[in-house]
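Structure, as structure tokens:
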Amino acid sequence: MKNKDYLKQLKKEAEFDVSDPYSKIISAAEAENLLQPANKPVDADLDAGRGNTAVRMSGKRRLIAIMAIAAAAMIVCLAVLLPVMLKNRNNITIIPSPVQLSTDDVYGIGAVSTAKLLEYNSPDSKKAAKNVINEPLSDNRAIAQISTFNKYYVALDSFFGDDVVKTNTIENTNPSYPYDKQMNITGMNSDGAQIIYTMYFTEKLSDSEIDDNKTKKEYLFTGKMIIDGKEYYIEGERSFEQDGEETENELKIRAYNNLNDRKNYIEMEQENSVENDETETEYVYSIYSDGKLIEQTAIELETERKNGKEQTDYELEFRKGNAKGKYKIMREVKHGKTSVKVKYDIDGEKGEFSVREVKENGKNKNEFTFGDGTVIGINK
Amino acid sequence: MSLDKFMTKLKYGDRAAFDKIYESTRKSVYYIALSIVGDKATAEDVMQNAYLSMLRNADKYRDGTNAYAWIARIVKNEALNVKKRKMRECPIDETENAALFGTTETDDFGLLTDLARKVLSEDEFTIIMLATVCGYKRREIGEMLEMPTPTVSWKYNNATAKMREALNG
């Protein structure tokens, strides 16, 4: 039985399994005067500061009147302010808004980052070479785990910034790759240079449910990702669910070096939800070696535009054996320059370091500078 | 309206707010309780006590914090207290407390739910039910159970692997 089949069955069983002692709770609560009796209007102040004057919830008519006044006030304000705003366009305050990724963008980022992690974890990978520029002054845990941090940072960093991610999907005409579609995924280095990745894939609808206001669709896909001339096999599943105005997308991707070796792979699960204009995206990467889970990392990201500059924050939590760590990465682009600061908490040890990209002997490296003066360079 | 806003209204005894909170959290409260106490009847008692405790202490809830985690903590504490109490009062006659002795099955769970209870650890069972039945994301489950997200993912993966193994033989 497949995972999703028994998980669906589990959900169906739960409809009948879950207890519902609502009436008992209400009787007991009313006996202790913990709840207002039913149908009594509530005098409650919704403001976070308690102690303000209570606002009595009145009937529909008053609510409509309040809304009408508010609408009229807004129209008057716009009539007065709009001409001024249009005249002084450069001074308009930009309202912060999260960057929205399309389904293809999410697909593309997921596939590229998973393949890049696989590249990093390959036994013959040269990317993990580490040069300590200064001798460490302490056995700082963040320093000890910096290569783990670097591989996730490298996997995702080329996709964060102002309209950095672009995906373009076309019908595949390349006979060397027996797939239906070709997707070109564009990211950017911290020095502004574009990077393009190519993925060939075939996606098929595997399940579809439409019920009242709810729509749910599931897709399976297989393909190949090309990074720096090397091919990675990609397979996965994607689901889309819409319930009224809420949407939820889930994506699962596995990347292999070799389809004959299915015990060593990287699996990425991504959850993206849009609810009340808030977008949350979470990636969970699992690294399997000889069929065993050896490392897992969860990454959450939030991007906002505020006052002419874009700030991307992402939180990264990893678990490797008994080691656990949490990093909060703040990437800021101001006047075309990128700066990255990282706050960490590794098994209770807290600190900060900064990251910048440097070129050494023609190779790009990430340079990490810690508070105690330690500087570590790691190949990208 | 978010759960946090309903919690704010609940401080004034708003019944409609309680109804919304109950509707949003009933399943998760049930499974957190069940995973600790092991049987339906006791889980239902825990649910009642937990919601009443939530009502009595609604004024202690800090606005803007994580309402799901706050409620989950109340349920866990209540379930652990009930479990400890039952262990101390444990009757010798196993028919009086069949669930505790693991003898006669007194509950009628669905087949898969029953299997999950038997093969999974307490945490694994809670996580798989919260994710599958209640639809919570891993980060949300982590906040409820006060666990790092990768730990939740780790246990979720272990749980699905154990279920697959038990089902496929």
What do you reckon, is A:GLN311 away from chain B (no Cβ under 14 Å), modelled with pLDDT under 85, over 17 Å from A:ARG141 (Cβ atoms) and assigned to a strand (DSSP E or B)?
yes
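Going by the conditions given, is B:PHE125 modelled with pLDDT under 90, within 14 Å of chain A (Cβ to nearest Cβ), farther than 30 Å from A:ASN33 by Cα and surrounded by 17 or more Cβ atoms within 10 Å (Cβ to Cβ)?
Values: modelled with pLDDT under 90: no; within 14 Å of chain A (Cβ to nearest Cβ): yes; farther than 30 Å from A:ASN33 by Cα: yes; surrounded by 17 or more Cβ atoms within 10 Å (Cβ to Cβ): yes.
Against the criterion (modelled with pLDDT under 90, within 14 Å of chain A (Cβ to nearest Cβ), farther than 30 Å from A:ASN33 by Cα and surrounded by 17 or more Cβ atoms within 10 Å (Cβ to Cβ)), B:PHE125 does not qualify.
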Could you grab me the full set of residues in region B:38-73 that are over 14 Å from B:MET7 (Cα atoms) and within 13 Å of chain A (Cβ to nearest Cβ)?
B:ASP39, B:LYS40, B:ALA41, B:THR42, B:ALA43, B:GLU44, B:ASP45, B:VAL46, B:MET47, B:GLN48, B:ASN49, B:ALA50
What is the number of the single condition among (1) surrounded by 16 or more Cβ atoms within 10 Å (Cβ to Cβ); (2) at positive phi that A:ASN249 does not meet?
(2)
For region A:157-180, what are the residues that are touching a strand residue (DSSP E or B) at 6+ places or on another chain (Cβ under 7 Å) and modelled with pLDDT under 85?
A:SER158, A:PHE159, A:PHE160, A:GLY161, A:ASP162, A:VAL164, A:VAL165, A:LYS166
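The values are calculated or read from the model by the stated rules, or taken from the named source; none is laboratory data. Here the structure is a predicted model, which is why all the values come from computation and not from measurement. As a convention, Cβ positions derive from the backbone with ideal geometry for all residues, glycine included, and neighbour counts pool all protein chains shown.
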